[in-house]
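First the structure, in the form of C-alpha cells, and then the observations on it.
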Amino acid sequence: MSRKSLFTFGVLIVIISSFFSCQQVDEREGIVWKNIEKGLQSAFISAKNGDTIRLDSGHFWFTRSLMMDGKSDIVIIGEGMDQTILSFKGQQEGAEGIKISNCKNIQLIAFTVEDAKGDNIKVTDTDGILFSKVKVYWTNGAKENNGAYGFYPVLCKRVVIEDCVAARASDAGVYVGQSDSVVIRRNTVYENVAGIESENSNFVEIYDNHTYNNTGGILVFDLPGLTQYGHHTRVFNNKVISNNHSNFAPKGNIVGMVPPGTGIMLLATRKIEIFDNEITDNRTCPTAIISYDLVTEMSQDKKENDSSGQPINHQYKLDSLYDPYPNHVFIHGNTFSNKHWFPTLESDFGKLFLTKFFMDTPDIVIDGFSDTKLKDGFAFCMDQSNIAFANLNIPENLKNIRTDPSPYLCKEGKVQETTFKFPGQ
Amino acid sequence: MSHNRQYNFFIPTFIFLAICILPNACKHKEQAVQVTEENYVHRSIEDVKALKKLSDYGMFELPLSEIKPKDRVFPYDLNSSLFTDYAFKKRFIYLPEGKAMTYHAEQAFDFPDGSLIFKFFYYPKDFRQPEKNLQHIETRVLIRENNDWTALTYIWDETQSDAHLSIAGDTRSVAWIDESGKNQKVNYSIPNLIQCKSCHEYAGKMMPIGPTARHLNKPYTFTTTHVNQIDHLISLGKLQGITSAASCPQIPDYANASLPTDDRARAYLDINCAHCHRPEGPAKNSALNLLASEKNPIAYGVMKTPIAAGIGSGGLKYDIVPGKPDQSILYYRMNSLYPGIAMPELGRKMAHAEGLALITEWIKLME
C-alpha cells in the first residue's frame, strides 16, 4: 500500500471507531421513558412526615434534580434496583440527581439513579439516612466528566449504606464526608476512582463489601480545613480485588493522587482497625498508610505551572486541630496475594516501586513521615505474617528504605465497634 | 489496474459518506429518547396551605399584569441585583397596618409577622421599551408567619390575567429583543419550593436576601422627590431601630463603570453568590466567603484550593489566580452552562456577559 492509502486507511479506522463509540452513547435503545417529574417532585415537597412514596417499575426521565428538604420519617421505595430506574441523562439543571437536606430518618430503597450531571444522590445535614438495594452509576463507562460521587452523604449522622451498587464515579462511588456513625456493608463497588471513601468521619464501619476495578478500593482520608476530623473506623471482611483502573478523576481533586493499583489507603487519620480483608491483585499499593506531608511533598515536586499537580491546602500547618499523621492504625488477619509482577506505571508510586522493589511489590507501605509527639501510643502496628512490608522513608529521599516489619509487629490495638439505631428501626 | 482504480474511488467516497452521515447519526441517537407523560399523584396541591392564586392576596390592582400596587404596598429596589437570565424584576414590601421592620446592619431586616415580599419576574418583548409588552413569567412571594419565612412562587397563565401556585417549578421558553436590537431567547427556569430555600437559607432557616441595609441604601426612584430609600422607609414609619441612612453600610451598583473595579466586583459577588457562599449559608462546606465585607483574600478565593468541587474544578487549582482569569475556578464556573459546573447552581441558563467582563477585569488587575 502507498503512504497515501495507508493514511486514508488510518482515517477510515478513526472514523469507523468514532462511529462505534457514537453507537455506545445509547446502548439501550427501545426503552420506554416516562415523565413523572413534576408529580414526583411535588410528592417530595408535599409529603407529610411518616409518608411512604412509592415508585413503580419502569424507566423515568428527569431534567432537574429531585429535591427533599426538612422532612422526617419518609420512605422512598421502588420495585427493585433493576426494575425502577431514575435517569438524569437529560438533566438541564441542578448539580445532583436526588438531593436531600435538613431531614431526619429517611429511607431510600430498591431503585437505580443513573447519569446525574453531578452527584447521583447527595444527602446533607440529615440525621438518619438509609440506602438499601439502591444502585447509582453512569451508563456510559468510566469517564472524567461523570459526576463526582455516587452516594454522597455529607454532614450527616447515622448513615447506613447496605446491599447497594455504586459504579463509575469520577471521585468516589460510596463517599461519606464529615459525618458520624456510619455503616457501609455488603455493597458492590466498581470502576470508580475511589471505591469507598470515608473522609473526616467518625465511628465508621466498613465491612462485607466487594470493591473491584476501582483506581483505589477503600480510602479513609482526613483533610485539613473542614468542619471536623475523622477517627474510629473499622475496615473488615471486605474483598478488595484488582483495583487497577486508571485514575480518571478531574484534576484539582485529592483522589487524583491515588495511584492505580491501590487496595486500601489511609491518609492522616486515627483509631483505625483493618482486619480479615481479602486484598488481592491490587498491582501498586495493596495497602498504604500515608500522611498529609506526603501529599504536600508530591505537590511540590510538580512545577508551578503543571496543572497535573494536586492543590494543597498550604494553611494546614496553621490548623491546630489537624494532625497530618496517621495515628493508632492496627492491621491484622488480612490475606494478601498479588499475581501481578509489576505495579501499574501510571503514577510516580508505580514507577518508584518498579525500580525499588523489582518484581516484589510490597503488600503494606508506610511513607516514613512520623509524628514527633504520638497521642495514642503507636502510629501503626500489625499482626500479619508472610507479607512484604516497606517503610519508604520519604523524608530521607527514599534512601534507606526499610523492609523489616519487626519494629511494627504487635498483638493489640483493637478499635471499639460502633453501634447505633438504624433509620427505620 | 481497473481493480486498483475502483479501490481508490471507493475509499474517498466511503469517507465522504461517513463524514456526512456520522454527525447526523449521533444527533439522531441523542434525540431518540422519547418520553411519555405520566401522572404521579402522592398528595394533592389542595393539601398545601397557601393561597392558590396571586390575585387571592389582593395586593395589586386589576389587571394584575400592570403591576400597580395598592396602598401600603411599597415598591423598592436594590443597588446591585441578582442576575436571573436577564429577567426584569419589580419588588414590593407589604407590612401589616402599624407595624415596621427593624434595622439590622448586616443581615436582612427583621420583619413583623404578616409581612409579604413580592417579586415579579418578566421580560419586556423589546428591552428598548422596558415598560411595554411585558411577558410575565413568575411572581415569587415571601411570607412572614410565626417568626418564620415561607417562599412560594406563582406561575403566570397564558392569558397573563393571573398567576397560579406552583410546587414543582417549571421551564418556560422566552424570547425578547435585547438593548442592542438582537433577538435573544432562553428556557427560563422557575424554581420548585425547595430550590427557593437553597438560596434563601441562612443558618438552616429561610431568609430574604435583598432587603439589607447595604442593598437598600440608595436614592428612592419611585417618587419624584429623590430621597434616600432607607430615609424614606424611616419617614413612613416602616423602618425602626435607626434614625438616618447616613450611618448605614452601602454596596455599590456593580453596573456603574465610574466606580472602582474592586468595589464593583465585590458587590457583584455579594448579591450573586454570597447568599450561599457565606459562613451561615448552604455552601459553607466550601469555605469560600463572597460577602463584600470579607477582608481575607484567601477566604474570598484568592489562591484558595477547592473542597470536593469534582468536575467543577475544571482542572484548575485555585478559585482565583491573580492576573489570570482563565486559570481561576471562579471565572470558569461563572462562564459554564453545564449543570454541576455552572455557578450559581440555580436560575442561570445563560452566561452573564457583563458580569463576566467585570470579574475578568477584576482578576486581571490583581497582583
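FYI, it's all coordinate maths here, none of it is from the lab. Just so you know, these numbers come straight off a predicted model, no measurement behind them. FYI the Cβ positions are ideal-geometry reconstructions off the backbone, even for glycines, and counts take in every protein chain you see.
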Legend entry - Average partner coverage of A:64-70, which counts Cβ from other chains inside 10 Å: 6
Legend entry - Test item: Cα-centred dipole of chain A, Lys/Arg +1 and Asp/Glu -1 on Cβ, debye: 520
Inset, instruction - Among DSSP beta bridges lying fully in the protein assembly as shown, give the percent that are antiparallel, nearest 5. - result: 25
Inset, instruction - At 0.36 nm per residue, minus the direct Cα-Cα distance, what do A:ARG186 and A:MET359 gain on full extension? Give it in nm, one decimal, please. - result: 58.9 nm
Legend entry - Ordering of A:167-179, A:125-137, B:275-287 by packing [mean C-beta count within 10 Å, highest first]: A:167-179, A:125-137, B:275-287
Inset, instruction - Estimate the FRET efficiency between B:SER258 and B:ASN133 by the formula 1/(1 + (r/R0)^6), using the beta-carbon distance for r and 45 Å for R0, to the nearest 0.05. - result: 0.90
Legend entry - Shape call, segment A:19-141: gyration tensor on alpha carbons, a/c limit 1.5: prolate
Legend entry - Calculated over segment B:243-309: convex hull of Cα atoms, volume per residue (Å³): 113
Inset, instruction - Springs between alpha-carbon atoms under 10 Å, Gaussian network over chain A: tell me which of A:PRO259, A:PRO153, A:PRO405 tops the mean-square fluctuations. - result: A:PRO405
Legend entry - Nearest 10 degrees, 0 to 90: helix B:353-365 Cα axis against chain B principal axis: 90
Legend entry - Rounded if a/c under 1.5, otherwise prolate or oblate - segment A:138-408, Cα gyration tensor axes: rounded
Inset, instruction - Two decimals is fine: what's Rg over Rh for chain B, C-alpha atoms, Kirkwood radius as Rh? - result: 1.06
Legend entry - Theoretical gain in end-to-end length, B:ALA175 to B:LYS53 [0.36 nm per residue, Cα-Cα removed]: 41.4 nm
Inset, instruction - Give me the number: length gained by fully extending B:GLU97 to B:TYR338, i.e. 0.36 nm times residue separation minus the C-alpha to C-alpha distance, one decimal in nm. - result: 82.1 nm
Inset, instruction - Rank A:THR269, A:GLY350, A:SER406 by how far each Cα sits towards the positive end of the charge dipole of segment A:138-408 (+1 on Lys, Arg Cβ; -1 on Asp, Glu Cβ) and give me just the farthest. - result: A:GLY350
Legend entry - Hull volume in cubic angstrom per residue (convex hull over the Cα atoms of the protein assembly as shown): 203
Legend entry - chain A: DSSP helices with Cα axial extent of at least 24 Å and average Kyte-Doolittle hydropathy no lower than 1.0: A:3-25
Inset, instruction - State, as an integer percentage, the relative contact order of chain B based on alpha-carbon contacts under 8 Å between residues 6 or more apart. - result: 13
Inset, instruction - Label segment B:261-367 by shape, choosing from rounded, prolate and oblate, from the square roots a ≥ b ≥ c of the eigenvalues of the Cα gyration tensor; if a/c is under 1.5 it is rounded, and otherwise prolate applies when a/b is larger than b/c, oblate when it is not. - result: rounded
Legend entry - Nearest-ten-degree value, helix B:2-31 long axis tilted from longest Cα axis of chain B: 20
Inset, instruction - Above 12 angstrom, tally the Cα pairs of segment A:99-148 and express them as a % of all pairs, no decimals. - result: 64
Inset, instruction - Would you be so kind as to identify which of B:SER81, B:PHE109, B:GLN184 lies farthest towards the positive end of the dipole of chain B, taking Lys and Arg as +1 and Asp and Glu as -1 on Cβ and the Cα centre as origin? - result: B:GLN184
Inset, instruction - Evaluate Rg over Rh across segment B:177-303, taking Cα atoms for both radii and Kirkwood's formula for Rh. - result: 1.02
Inset, instruction - Please compute the net charge surrounding A:LYS414, taking Lys and Arg as +1 and Asp and Glu as -1 over other residues with Cβ under 11 Å from its Cβ. - result: -1
Legend entry - Peptide-level mean, for B:334-342, of C-beta atoms on other protein chains within 10 Å: 5
Inset, instruction - Using DSSP, restrict attention to beta bridges with both residues in segment B:45-247 and report what percent are antiparallel, rounded to the nearest 5. - result: 95
Inset, instruction - Could you check which residue among B:SER173, B:SER293, B:SER161 shows the biggest mean-square fluctuation in a GNM of chain B with a 10 Å Cα cutoff? - result: B:SER173
Legend entry - Within the protein assembly as shown: Cβ-based charge dipole about Cα centre, in debye rounded to nearest 20 (Lys, Arg +1; Asp, Glu -1): 1120
Legend entry - Volume per residue that the Cα convex hull of segment B:45-247 spans, once the total is divided by residue count, Å³: 136
Inset, instruction - Provide the FRET efficiency to the nearest 0.05 for the B:GLU61-B:SER244 pair, computing r from the beta carbons and using R0 = 30 Å. - result: 0.35
Legend entry - Rel. contact order, % - alpha carbon contacts under 8 angstrom, at least six apart, segment A:138-408: 13
Inset, instruction - Pop a pseudo-label 7 angstrom from the Cα along the beta-carbon direction at both B:LYS68 and A:LYS239 and give the gap in nm to one decimal. - result: 7.6
Legend entry - For residues of A:250-260, the mean tally of beta carbons on other chains within 10 Å: 4
Inset, instruction - Mind telling me which of B:VAL41, B:VAL227, B:VAL321 comes out most flexible in a GNM of chain B, alpha-carbon contacts under 10 Å? - result: B:VAL41
Legend entry - segment B:257-287-segment A:241-305 distance, computed between alpha-carbon centres (Å): 35
